[in-house]
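Note sheet for the following structure.
The values are calculated or read from the model by the stated rules, or taken from the named source; none is laboratory data. None of these values were measured; they are calculated from a predicted model. Note that we place each Cβ from the backbone using ideal geometry, even for glycine, and neighbour counts take in every protein chain shown. For the accessible areas, the whole protein counts, side chains as well, though only heavy atoms, and no ligand, DNA or RNA atoms are used. Shrake-Rupley method; radii C 1.70, N 1.55, O 1.52, S 1.80 Å.
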Amino acid sequence: MFRNYLVTAVRNVMRHKLYSFINIAGLTVGLVCAIFIILFIRDELSYDAWVPGSENVYRAEISLYFPGEPAIVTPTSPFPLGPTMKAELPEVVSETHIVPQNSTVKVGDRQFSERLNSVDPDFFSIIRLPLIEGDVTSVFAQPESIVLSQTVARKYFGQTDPVGKAVTLDATHPLTVTGVMRDLPHNTQLSGDVFIPNTSKADQSKQDIRKDWFAFQGYTYVRLAPGTDRLRTQEKLRRIFARHFSPDQISMLHVAADQAVKANLVPFRDVHLTSDQKGGMKPGGSWTTIYGFAAIAALILAIACFNFMNLATARATMRAREVSLRKVMGARRRQLVVQFLGESVLTVLVAMILALALVEILLPAYDGFLQRPIAFRYFSDWALMLALCGIAVSAGLLGGLYPALVLSGFRPAASLKANASGQGGSGALRIVLVVMQFAISIGLGIAALVVFAQINYARDLDLGFRRDNIVVVGGNGAAPMTPSAAENYLRLLDSDPGIVAAAQSNAIPFERSESRSNVSVPGNPQQFDMRVIDISPEFPSVYGMKLLAGRLLSRDRGADISTTTDRENEVDGGTNVLVDAMAARAFGFSPANAVGKIIEIGSRRVTVVGVFQNALFHAARAEPIATLYYFNPGKLDRFSVRVRSDRMSDALAFIDRSWRQFAPSVAVRRHFLDDSFDNLFAADEQEGAMFGIFVGIAIFIACLGLFGLAAFTAERRTKEIGVRKVFGARAGDIVRLLLWQFSIPVLIANVIAWPVAWYYLHSWLESYAYRIALNPLYFVVAGFAALLIAWTTVGAHAVRVARSNPIEALRYE
C-alpha cells in the first residue's frame with residue numbers, strides 16, 4: 001500500500017509540474033529562512049552555556065535612583081561589593097572582580113597594545129575558562145604572573161612553550177607567563193586575551209578606588225550556593241549598601257541609601273541577552289530580537305504552508321474523479337486522508353532536502369553577514385536535525401490536512417455525473433489564506449521601512465558636534481604622558497599640514513564610560529545629576545561645538561585650570577567651567593544668563609564662563625544628559641585629532657611617529673571616531689538587513705502562491721470570460737475584473753496588518769531617545785507596494801485570458 005501511495009504521489013507531482021514547482025519552491029525558501037533563523041537563535045542562546053559550572057554564577061549589576069531622575073543602570077559595580085557579599089552573606093560561596101584595562105606589553109624589543117583583564121587571583125576557579133597549560137588554583141599564586149590566550153601566546157613567542165617566559169607591562173612591570181588559555185569563543189560575554197592578577201603592580205586600579213563604594217569600575221561575579229533564592233539575596237544587598245555607604249555619600253544622594261541603590265544578580269548565562277547592551281565587555285543581544293526573528297521564521301513558514309493549502313484545495317476539482325473512483329472501488333476516507341497527507345509530507349521532505357543543500361551553499365555568506373561562525377553539522381547536531389525534521393513534518397501535516405479532508409470528502413455520485421467535477425474546496429478559505437499571506441508580508445514590509453527610516457534618521461541627527469575625520473589616540477587607561485609632555489605633543493601635531501587641530505579629554509563621544517556628579521545652584525536645594533567631562537581648551541574647535549554664550553576655557557587663565565582630584569569635597573574656589581544648554585535650563589537660566597553664575601558641585605563652588613549647544617555623545621539611543629566641562633590637565637588620557645581627508649595616510653603616520661617621540665614605552669592605540677559611531681548602529685543595521693531579506697522572501701513566497709492561484713482561477717473562468725466577451729465585454733474589462741478579484745484580499749490584508757504593525761513598531765521605537773514618528777506614509781507605501789506586486793503577479797494571466805478567443809472556450813458547449 002505504501003508503494004502505491006508513493007507512486008501516486010510522484011505521478012501527481014510530475015503531472016502538475018507548475019503547481020508542484022510553486023509548492024516545492026515556496027516550501028524550500030521558507031525552510032531555508034527558518035533554518036537560518038534557528039541557527040541564529042541557537043547561537044544567541046548558547047552564550048556562556050559552555051562555561052563549566054556557571055549555572056550558579058551571577059553578575060552583580062547596579063541601578064542608581066536619584067530624586068526626579070530616571071534610573072541609571074550599569075553592569076559595573078564597586079570593588080568592595082564582592083568581598084563584602086562573601087563576608088556577610090553565607091549563601092555567597094565565592095566572588096571575583098574583573099577590570100578591563102589597556103596596557104602596553106613588551107616582549108623582547110617588540111611592543112603590543114593589548115586590552116587585558118585584571119582579575120582576582122581565584123578568577124579561574126570561579127569562571128572556569130579552559131586552561132591548556134597551568135592549574136586554575138595556582139596560576140595566579142604569584143602576583144607578578146600573566147595568562148595568555150593561545151593566539152596571543154603564538155603572537156608573542158611563536159611555537160615555543162610560553163610558560164616561564166617573561167613579558168613587561170607598561171615598560172616597568174616584568175611578569176612571568178604561568179598559563180595558556182584556550183581562545184575565548186565568540187559566544188561569551190567575556191572579552192580579552194590577556195589576564196593578570198589584581199595583586200600585581202601592573203594593575204592600574206588605584207587603592208582609593210578599591211575602597212570606594214561609589215566608584216563603579218569593573219564587573220563583580222559571585223557564585224551562590226545551590227538552591228539559593230536569588231531574589232531574596234538581592235534584597236539583602238540593599239541593606240549592605242545602606243551599611244557601607246559613607247555619610248557624605250548618603251547626603252549626596254539626598255535619599256536613603258537602601259532606596260537609592262539596588263543591585264541585581266543576573267545569571268551568568270543570561271547576561272548576553274539581558275544586560276550587556278547597557279555597557280558590558282561586548283555588545284549584548286536582546287530577547288526582543290530573539291522573539292522577533294522566531295516570529296518571522298514562523299510567519300514565513302506559515303506563508304509557505306498557506307500556499308500549499310491554497311493550491312491543493314484549489315486543485316481539488318482536478319482530482320475529484322480520481323477520489324470518486326477510489327471510493328467506488330472500496331477506499332475508505334481514512335485511507336484517502338493518509339494518502340493525501342503522505343503526498344503533502346513527501347512534498348515538504350523534498351523541499352527540506354533542497355533547503356539543506358541551499359543552507360550548505362549559503363552558510364559561508366551567512367557567517368560573513370553575521371560576522372560570527374555559525375556551525376551546522378548534520379550528525380553532531382542531531383537535536384537540531386530532529387527539530388528540523390519535526391518542523392518539516394509538522395509543516396507538511398499542517399499544509400496538507402485541510403486539503404486532505406476536502407479531497408477525501410467528495411461524493412462519488414456528484415463527481416461522476418457528466419460535466420461534474422466535484423467540489424472545489426472552500427473559496428472563502430482560499431481568500432482567508434491569501435489575506436493572511438499578504439497581511440504578514442505587508443506587516444514585515446512596514447517594519448523594514450520603519451527600521452531603515454529610524455536608522456537613517458539617527459545617523460543624520462544633528463549631534464551638536466562633528467565626527468568626521470577625527471582620530472582618537474590613547475585612552476581607557478592611565479594618562480600616557482605628563483601634562484607638559486601632552487601639551488608639547490599637541491603643539492607638534494598642530495604643526496603637521498595634514499592635521500587641522502588636536503585636543504585632549506578624558507571621554508569621547510559614543511563611549512559608555514563617564515563621570516557623574518550632583519550639581520546645584522546656591523540657594524536652591526534641588527540636586528541635578530550631571531555628566532562631567534574633562535577637556536582641553538582645544539576640544540570645542542576639534543569637534544566643531546557651537547558656543548551659545550560666554551567664552552571658551554583657556555590655558556592662559558589660571559582660574560580656568562583645575563588641579564583638584566576631588567571635585568565634590570575640596571573647596572579651592574575660582575575654578576571656571578563650561579556647561580551645555582541643557583544644564584543651563586536645569587539651573588533655571590537661559591544660555592546668556594547662565595554665564596557668570598556660581599554653581600556647586602558637592603561643597604565646591606565653580607563659575608560658569610560659557611554655554612555650549614547640547615552634544616549628543618550617545619547619539620540617538622540614550623536620553624540627553626546635562627553636561628559640565630572642566631579643564632584638568634592631570635585627568636586627560638586621550639587625544640582627539642582632526643585630520644585632512646586628502647592627507648589621511650601622511651597624517652596617521654605623523655601621529656604614530658610623534659607618539660613614539662613622547663611616549664616611547666606605550667604602544668600607540670588609535671581609531672576613527674566614525675567607526676565608533678558606526679558600531680552604535682551595527683546591530684540595528686544587521687537586523688534591518690535581515691528584515692529586508694525576509695520581507696523580500698515573504699513577498700516572493702506569497703507571490704508564488706498568488707501566481708498559481710491566478711493561473712487556476714483563469715483556467716476555471718475561461719468559459720465565463722468567453723461568454724462575457726460574446727456579450728460585448730472588452731479585454732480591459734476582463735483584466736479589471738480579474739485584478740479586482742485579487743485586490744480585495746490585499747486591501748483586507750492592509751486593514752489587518754496596519755494596526756498590528758503600528759503596535760509593535762511603536763514599542764520598538766521607544767528604545768530610541770530620538771525617534772521618527774510613525775508616519776502613515778510608511779503604511780500606505782507598504783500597502784500600495786503589496787497591491788502593485790499582486791497586480792503584476794496576476795496581470796500576466798489576466799491579459800492572456802482576456803485576449804483569448806471565446807470560440808476556444810465555448811466550442812464544447
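Please go through the residue pairs K86/K278; K106/K165; K86/K282 and name each one whose alpha carbons sit more than 18 Å apart in this structure.
Working: K86/K278 26 Å; K106/K165 12 Å; K86/K282 27 Å.
Going by Cα-Cα distance, K86/K278; K86/K282 fall outside the 18 Å limit.
Solvent-accessible area of K278, all protein chains in place: 80 Å² (probe radius 1.4 Å, heavy atoms, ligands and nucleic acids excluded). The 3J(HN,Hα) values that the Karplus relation (6.51, -1.76, 1.60; θ = phi - 60°) gives for the stretch 261-273 are, in residue order, 10, 10, 9, 10, 9, 9, x, 3, 7, 9, 4, 4, 9 Hz. Gly and Pro appear as x. Between the residues P174, T188, N198, the greatest Cα displacement towards the positive end of the dipole of the stretch 170-210, with unit charges on the Cβ of Lys, Arg, Asp and Glu, is found for N198. For the stretch 187-248 versus the stretch 78-100, the spacing of their alpha-carbon centroids is 6 Å.
Each residue was assigned an accessible area with a 1.4 Å probe, and for D193 the value is about 60 Å². Of the peptides 47-59, 432-444, 782-794, the order by per-residue mean of other Cβ atoms within 10 Å, starting with the highest, comes out as 432-444, 782-794, 47-59.
Across the stretch 683-695, computed HN-Hα scalar couplings (Karplus, 6.51 cos²θ - 1.76 cosθ + 1.60, θ = phi - 60°) run 5, 5, 5, 5, 5, x, 4, 5, 4, x, 5, 5, 4 Hz from first to last residue, x flagging Gly and Pro.
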